[in-house]
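For reference, the structure is listed below as structure tokens.
The values are calculated or read from the model by the stated rules, or taken from the named source; none is laboratory data. Since the model is a prediction, treat every value here as computed from it, not as a measurement. Here the Cβ is made from the backbone with ideal geometry for all residues, glycine too, and neighbour counts use every protein chain on show.
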Amino acid sequence: MKNISASIALAAIALVSLLLSSCGTGGSNRPAGSTESTKLKDQSSANSMSAQGEAARLKLSNKFYRPIVVRLERLGETGRRDITVPARSSESIRLKAGTYKYMAVAEGFRPISKYKEIEARRSYTLYF
């Protein structure tokens, strides 16, 4: 029974990872070496720079039956923000525009780490 649960958990993480990589219309900011449309990069940069001080809404949705902790770090700034999302629940926060690295961990699951470009006056949802 544990092997089946572990297999289902791994499949869920793979699905969540796939959903996160295609989540949002602003595109994700990937580490150097990845390919992405230049037009999309230019559009994201222009929007971020024009509204640098304005906030965006980020919803963290936890589909697991265990609580998760999501750590957000804005690139180019010191400090970080840890948000605990209860099992089968969601949390909404407001963020400044910019590029963020986020990491999510839950007991019994492999941690994930990705990058996300957040534009001002937009709403985003990350599913875990």
Boolean, residue 8 is surrounded by fewer than 11 Cβ atoms within 10 Å (Cβ to Cβ), at pLDDT below 95 and among the aliphatic types (A, V, I, L, M) = yes
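Residue 114: of a type in the set (Lys, Arg), farther than 17 Å from residue 57 by Cα and part of a strand (DSSP E or B), yes or no?
yes
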message = So for segment 67-89 (the condition being at pLDDT below 95 and surrounded by 18 or more Cβ atoms within 10 Å (Cβ to Cβ)), does at least one residue qualify?
response = no
request  = Go through (1) surrounded by 14 or more Cβ atoms within 10 Å (Cβ to Cβ); (2) in contact with a helix residue (DSSP H, G or I) (Cβ under 7 Å, 6 or more places away or on another chain) and name the single condition residue 105 misses.
outcome  = (2)
inquiry  = Here is a check on your reading of the model: is residue 98 modelled with pLDDT under 85 and under 14 Å from the mean Cα position of the chain (by Cα)?
reply    = no
note = Flagged pairs (Cβ under 9 angstrom, 6 or more apart or on separate chains; first in segment 109-122, within 23 Å of residue 55 (Cα to Cα); second surrounded by fewer than 17 Cβ atoms within 10 Å (Cβ to Cβ) and of a type in the set (A, V, I, L, M)) are 113/103; 114/103; 115/75; 119/51; 120/51; 120/55; 121/51; 121/55
